[in-house]
Amino acid sequence: MVKLPLPARDWLSGYRRADALADLNAALIVTLMMIPQALAYALLAGLPPQTGLYASMLPLVVYALFGSSRTLSVGPMAVVSLMTAAAASQVAAPGSPEYLQAALVLALLSGAFLLLMGLLRMGWVANLLSHAVISGLILASGLLIAASQLKHLLGVSAPGDTLPALIRALLADPGAINSATLALSLLVLCALLALRRLGGPLARLAPLAAVVLSTLAVAGWHLDGVGVAVIGEIPGGLPGLTLPAWDAQLWRQLALPALLIGLVGFVESVSVAQTLAAKRRQRIDPNRELNGLGAANLAAAFSGGFPITGGFARSVVNYDAGARTPMAGVFTAAGLALVALWLTPWLYYLPKATLAATIIIAVLGLLDPGTVVRTWRYSRSDFLALLVTLAGVLLLGITAGLITGVASALALHLWRTSQPHMAELGQMPGTEHFRNVLRHRVVVSPTVLSLRVDESLFFANARQVEDAIYDIAVQRPTVRHVVLLCSAISHIDASALDSLETLNQRLHDAGLTLHLSEVKGPVMDRLTHSSFLDQLGGQVFLSHFEALHTLDPDSACQGLLPAHPEVR
């Protein structure tokens, strides 16, 4: 029977009063920060505001038991909330009971996928989401989130899950803009931006202050009577047990979006957790994180929430406030439970425009054009993957865009590795080292052709490497031996092995002998289980210098002489 690891044992066994006081202090700050965040991200997901509170309670407790991070704070997040809205809106109308069921199914399926991956130790699967793809997704999501919230700032109806659709909807009827809502939105945005620039505790608690003050303003001046949309009645009390409806067709439709939500949330969460853990010289286990996030998402599904993940901003606040253990998350959940029990009636007049402004300010951190510039300067192929993801998410929607970005990144990687860098080598004067003849002044043997392939050999590049080596070799009339330096080759698949056998025969027919040098142990193990070494016309040398010394002693000895201005 498979047993889930319980990392909570590691910190519960040594839990002390000092830890509890530190965790309580951090929990108080994070709770005040999470109240507006939870409500706002529920709005972003197209769900009733109380679902944001529900998704921030039981998942925190469950993560404290199964997660491996001491300071990560889980709950609704901007990108995951947007992905939830995009997926759920494809199968149900926002605001309908079916839409809420879709959100619960998404949480359940994403949690199940993560938990299964954790049990199978498949944390490596998240590596399919390259940094370029994640950067493009986050940047595009930030733009989409901001655009999707403009309707609340303007007091208009503007459906759509792509940037062109949102822009068309916003421009369809400019006369429908509610002036009172717009004025309130601008006031809240300016206040939040000003406090954000000040930094410190004021910036952290600015959204809560905006919620309180704008709610009082709407209630006191009856702004809801002039068109300012408010949250309305929020059911009080703790969430009851919810069972996502079993609908085979619905589950099939949401399976892929749920998997993508889980993977994106996991990548972002682990990145935050590892960053914070490094500051205290602690360790994060990615597979345990899969278990923790998976169990937390299941908890969200069974307590009326929606998909959740680790949040960067509140995790940093949790860390800076002195949280020592995941008990801070448990205390935060307790604080939010008190809010759900006693304070929801006071939120009736909370304007949706305030929550929209809070979301827009929060996602400003996602808009980092510098990432695009840095990626362009460093790698054109990664920049292309980023651009494809960015355009795909904005134009096709978040799920289709993410799939397009992942496919483009994999295709670009396949293209790069199918055209490996190859170098002709010569001996560095006075040493036993070999370097590229185009980059260094080296000694080159007239009878031994030294080549290095800087890539593993597999089906996509095997034939090209075979032809390139043969073409170079036959153009050198004095060459009698070809030595392939294998120090950069970590894997040779069956297609590449077949190409090496063919290359060996082609060189033999041309009067040349193929040799190998510096073959890595795992590669050599595989070669010994084939017939290639028996067919190889030449030898396998431990070092490349040994190969040259054996095949052309005079050249090897000349290379050991000190460098001379005329030597190449």
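Meeting the requirement of 3 or more residues that are touching a residue at least 60 places away in the same chain (Cβ under 8 Å) and surrounded by fewer than 19 Cβ atoms within 10 Å (Cβ to Cβ), the helices (runs of 4 or more DSSP H) wholly within region 200-304 are 200-221, 248-279. Residues in region 235-282 that are farther than 30 Å from G322 by Cβ and among the small types (G, A, S) were compared, and the one that is modelled with the lowest pLDDT is A245. Scanning region 527-556 for residues that are surrounded by 17 or more Cβ atoms within 10 Å (Cβ to Cβ) and in a helix (DSSP H, G or I) returns L527, F532, H544, F545, A547, L548, H549, L551, S555, A556.
When R380 is tested against (1) modelled with pLDDT under 95; (2) assigned by TED's automatic domain parsing to the domain that holds L512; (3) not aliphatic (A, V, I, L, M), just one condition goes unmet, and that condition is (2). So R314 clears everything in (1) more than 22 Å from A20 (Cα to Cα); (2) crowded, with 23+ Cβ neighbours inside 10 Å; (3) among the basic types (K, R) except one condition, right? Which one? That leaves (1) as the condition not met. Which of the residues belonging to region 459-479 are surrounded by fewer than 17 Cβ atoms within 10 Å (Cβ to Cβ) and not in a helix (DSSP H, G or I)? Passing the criteria: F459, Q475, R476, P477, T478. Could you look through region 369-383, keep only residues that are part of a helix (DSSP H, G or I) and of a type in the set (G, A, S), and pick out the one that is surrounded by the fewest Cβ atoms within 10 Å (Cβ to Cβ)? Result: G370.
On the stretch given as region 404-426, residues that are β-branched (V, I, T) and either surrounded by fewer than 16 Cβ atoms within 10 Å (Cβ to Cβ) or on the phi > 0 side of the Ramachandran plot (or both) total 1. Does region 445-455 hold any residues that are surrounded by 17 or more Cβ atoms within 10 Å (Cβ to Cβ) and part of a loop (DSSP other than H, G, I, E, B), and which are they? Correct list: S445, E455. The criterion of at least 2 residues that are touching a strand residue (DSSP E or B) at 6+ places or on another chain (Cβ under 6 Å) is met by the following helices (runs of 4 or more DSSP H) wholly inside region 1-71: 58-66.
Counting the residues of region 341-368 that are aliphatic (A, V, I, L, M) and not in a helix (DSSP H, G or I) gives 3.
Residues being assigned to a loop (DSSP other than H, G, I, E, B), crowded, with 16+ Cβ neighbours inside 10 Å and in the same structural domain as Y41 (by TED's automatic domain parsing) are represented in region 393-400 by at least one member. Being more than 25 Å from Y99 (Cβ to Cβ), part of a loop (DSSP other than H, G, I, E, B) and assigned by TED's automatic domain parsing to the domain that holds L120: is that true of A323 here? Yes; evaluated as a whole, the condition is true for this residue. Among the residues of region 346-356, is there at least one that is within 24 Å of G200 (Cβ to Cβ), in the same structural domain as P48 (by TED's automatic domain parsing) and surrounded by 20 or more Cβ atoms within 10 Å (Cβ to Cβ)? Within region 346-356, one or more residues are within 24 Å of G200 (Cβ to Cβ), in the same structural domain as P48 (by TED's automatic domain parsing) and surrounded by 20 or more Cβ atoms within 10 Å (Cβ to Cβ). Is at least one residue of region 83-99 without any contact (Cβ under 8 Å) to a residue 24 or more places away in the chain, of a type in the set (A, V, I, L, M) and under 25 Å from S68 (Cα atoms)? Scanning region 83-99 turns up no residue that is without any contact (Cβ under 8 Å) to a residue 24 or more places away in the chain, of a type in the set (A, V, I, L, M) and under 25 Å from S68 (Cα atoms).
The values are calculated or read from the model by the stated rules, or taken from the named source; none is laboratory data. Keep in mind that what you see is a predicted model, and the values were worked out from it rather than measured. No Cβ is skipped: glycine too gets one built from the backbone with ideal geometry, and neighbour counts run over all protein chains shown.
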